[in-house]
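Data block below; observations after.
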Amino acid sequence: MLDKTSNAPALPPEIARRRTFAIISHPDAGKTTLTEKFLLFGGAIQMAGQVRAKGEARRTRSDFMQMEKDRGISVSASAMSFDFKHFRFNLVDTPGHSDFSEDTYRTLTAVDAAVMVIDGAKGVESQTQKLFEVCRLRDLPILTFCNKMDRESRDTFEIIDEIQENLAIDVTPASWPIGMGRDFLGCYDMLHDRLELMNRADRNKIGESIRLNGLDDPKLAEHVPPAQLATLREEVAMARELLPAFDREALLEGTLTPIWFGSAINSFGVKELMEGIAEFGPEPQPQRAVPRQISPDETKVTGFVFKVQANMDPKHRDRVAFVRLASGHFERGMKLTHVRSKKIMSISNPVMFLASDRELAEEAWAGDIIGIPNHGQLRIGDTLTEGEALRVTGIPSFAPELLQNCRAGDPLKSKHLEKALMQFAEEGAAKVFKPMLGGGFIVGVVGPLQFEVLASRIELEYGLPVRFEQSQFTSARWASGPDDAIDKLINVNKSHIATDNDGDTVFLTRLQWDIDRIERDHPQVKLTATKEMMV
Ligand SMILES: Nc1nc2c(ncn2[C@@H]2O[C@H](COP(=O)(O)OP(=O)(O)OP(=O)(O)O)[C@@H](O)[C@H]2O)c(=O)[nH]1
Ligand SMILES: [Mg+2]
């Protein structure tokens, strides 16, 4: 268990004002739309883009890849920093599709809280459940946003019950919806006794907010028709009796989630959710590491890489490591120790991810997410410190479950293809194996859509049309052990042997039986389905 900050001394104000969180959900619940509205209310952009709209100007900021723009789905997590009131938000929009969950799971190691988005008509969906369980393993506080209330949605009590039962977490309503679908008027803010009305005329404007003295305030009747008002009073009374009251400690421990109702596309409910994150959300938390955990208020700077992305922006053709700062006050130009290689790196061009662009980060504090452009030295899981040999733990590595052959459309471009594939392997976007016999490459991923993303990116970023084809192999195991045992394994199984992008030996096979056979015939060789990322 980590020591939470609740008993710890107060953090320096610059750190205490940081809120670093991920937005998670089943595909299509509205994460990217919500992210866009966060940026709008944070004053980072003037007009929100839409996930499905024509014309460049209306694109969202977090779906930056061509394929995301074309299809209207997110395939990669993206970070954004902006101010809201006197808080600094570091937000990560994640992909909902399970084919890309590796990226989402890793993102969850770099944040202090999660905003779980639920579609009001659909309730708790399969991917929500899985992501929730990952949050639970990490004791992450969760704030819930029930989206799409402008559509016909389920009964409010039913939604809350479903979350309580399926996810085994207490739910407290932070707001209560008034009507639904076409009759959705807005919400009663249960935490501040306010009436929040939705502005249907202008989707990008914040609706009206009316301060009230409880549910009996006569002002309510001026805005809510009698029948809806009666229902509201009845439901809120029931909710107050039956559901737990808000309790910040329980939120921070991950046993209670407050739920806000709204409509991201109509900019409704977003400001209240942001206020909730600011007011109640966790400050930067200690980070698990060996041989000791890292506390955010330590004066020395530490950070770790949770994502690597190449060619993020055609304007800056390079590779950027996303680094979560775990402690200290970072300043541009600092020299940090790259613990894995024990080399000193001078961090001269760190970037902050702003709404539409990257900007040089002159400084950053524990809790922030910064980008460090590099030429491949920084890998997922790497720790940076001011000299101490610390290693952040808990960043997951996934076994490649699907294998395909990858060939360049033009056979003369095979060297070129190798370069592109190695780049993606180092980015963590795929596992790439070079078989000992025969040419070509075998690419391993977790979900089939990842092949499409790779093909599209290789073509766009390297100008290289490629084909993915069925491979004779279906699974890969990394082989480790004494050199002579590995040599023997290689010599008698040449047609099954490949090397990965680090030159490590991999055993490829179609049958579990083969794996059992190796374990029997080569007892000194250890076969593993994932490769430890941090050496
Ligand atoms: N009616 C309605 N539609 C919404 C609302 N919010 C988002 N949508 C629509 O729902 C669709 C999915 O929204 P996204 O924001 O891309 O969802 P996402 O969760 O980011 O999806 P993935 O990243 O692919 O998992 C889009 O067509 C949005 O315009 C809402 O409040 N009301
Ligand atoms: Mg999205």
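Contact annotation: residue pairs with Cβ atoms under 8 Å, 6 or more positions apart or on different chains, pairing a residue in the stretch 327-346 that is among the charged types (D, E, K, R) with a partner that is surrounded by 16 or more Cβ atoms within 10 Å (Cβ to Cβ) and assigned to a strand (DSSP E or B), are LYS335/MET345; ARG340/THR383; LYS343/THR337. Could we say that ALA420 is in a loop (DSSP other than H, G, I, E, B) and surrounded by 21 or more Cβ atoms within 10 Å (Cβ to Cβ) here? No; evaluated as a whole, the condition is false for this residue. For the stretch 76-100, filtering for residues that are buried (at least 23 other Cβ atoms within 10 Å of the Cβ) and out of contact with any strand residue (DSSP E or B) (no Cβ under 8 Å at 6 or more places or on another chain) leaves 2. Number of residues in the stretch 488-502 that are modelled with pLDDT of 90 or more, over 17 Å from GLY438 (Cα atoms) and not aliphatic (A, V, I, L, M) equals 1. Just so you know, in the stretch 14-34 the residues that are part of a strand (DSSP E or B) and of a type outside the set (Gly, Ala, Ser) include one that is nearest to ligand 2 (Cβ to nearest atom), and it is ILE23. For the stretch 351-370, the set of residues classified as surrounded by fewer than 24 Cβ atoms within 10 Å (Cβ to Cβ), in contact with a strand residue (DSSP E or B) (Cβ under 8 Å, 6 or more places away or on another chain) and not charged (D, E, K, R) consists of VAL351, MET352, LEU354, ALA355, LEU360, ALA361, TRP365, listed by residue number. If you check PRO523 against the conditions, is it farther than 30 Å from LEU390 by Cβ, open to solvent by 70 Å² or more (accessible area, probe 1.4 Å) and touching a helix residue (DSSP H, G or I) at 6+ places or on another chain (Cβ under 7 Å)? When the stated conditions are applied, PRO523 does not pass them.
Which residues, counting only those in the stretch 106-153, are of a type in the set (A, V, I, L, M, F, W, C), more than 13 Å from ligand 1 (Cβ to nearest atom) and surrounded by fewer than 17 Cβ atoms within 10 Å (Cβ to Cβ)? Result: LEU137, single match.
Scanning the stretch 294-316 for residues that are in contact with a Leu (Cβ under 6 Å, 6 or more places away or on another chain) and open to solvent by 30 Å² or more (accessible area, probe 1.4 Å) gives a single hit, ASP297. Looking across ALA110, ALA168, ALA114, one residue alone is among the small types (Gly, Ala, Ser) and without any contact (Cβ under 8 Å) to a residue 24 or more places away in the chain. It is ALA168. For the stretch 241-273, a residue qualifies if it is of a type in the set (D, E, K, R), outside any loop (DSSP other than H, G, I, E, B) and touching a residue at least 24 places away in the same chain (Cβ under 8 Å), and the qualifying residues are ARG248, GLU249, GLU253, LYS271, GLU272.
Against the test of being in contact with a helix residue (DSSP H, G or I) (Cβ under 7 Å, 6 or more places away or on another chain) and more than 16 Å from ligand 1 (Cβ to nearest atom), the options GLU235, GLU253 yield a single qualifying residue, GLU235. Here ASP139, ASP150, ASP202 are screened, and the one residue that is more than 16 Å from ligand 2 (Cβ to nearest atom) and farther than 24 Å from LYS37 by Cα is ASP139.
Within the stretch 383-403, the residues that satisfy the criterion of being open to solvent by less than 40 Å² (accessible area, probe 1.4 Å), at pLDDT 95 or above and not hydrophobic (A, V, I, L, M, F, W, C) are THR383, THR385. Please verify whether GLN228 is open to solvent by less than 30 Å² (accessible area, probe 1.4 Å), polar (S, T, N, Q) and either in a helix (DSSP H, G or I) or closer than 30 Å to THR383 by Cβ (or both), treating the condition exactly as stated. It is false that GLN228 is open to solvent by less than 30 Å² (accessible area, probe 1.4 Å), polar (S, T, N, Q) and either in a helix (DSSP H, G or I) or closer than 30 Å to THR383 by Cβ (or both). On inspection, ALA221 qualifies as without any contact (Cβ under 8 Å) to a residue 24 or more places away in the chain and either in a helix (DSSP H, G or I) or open to solvent by less than 50 Å² (accessible area, probe 1.4 Å) (or both). Do we have any residue at all in the stretch 196-203 that's farther than 20 Å from PRO258 by Cα, surrounded by 14 or more Cβ atoms within 10 Å (Cβ to Cβ) and of a type in the set (Lys, Arg)? Within the stretch 196-203 (the criterion being farther than 20 Å from PRO258 by Cα, surrounded by 14 or more Cβ atoms within 10 Å (Cβ to Cβ) and of a type in the set (Lys, Arg)), the answer is yes, since at least one residue qualifies. Consider ASP483 carefully, then state whether it is among the acidic types (Asp, Glu) and either modelled with pLDDT of 95 or more or open to solvent by 70 Å² or more (accessible area, probe 1.4 Å) (or both). So ASP483 passes the test.
The values are calculated or read from the model by the stated rules, or taken from the named source; none is laboratory data. Values in this document were obtained by computation on a predicted structure and should not be read as measured data. A quick note on method: Cβ atoms are made from the backbone with ideal geometry, for glycine too, and the neighbour counts reach across all protein chains shown. All accessible areas refer to the heavy atoms of the entire protein, side chains included, with ligands and DNA or RNA removed. Shrake-Rupley method; radii C 1.70, N 1.55, O 1.52, S 1.80 Å.
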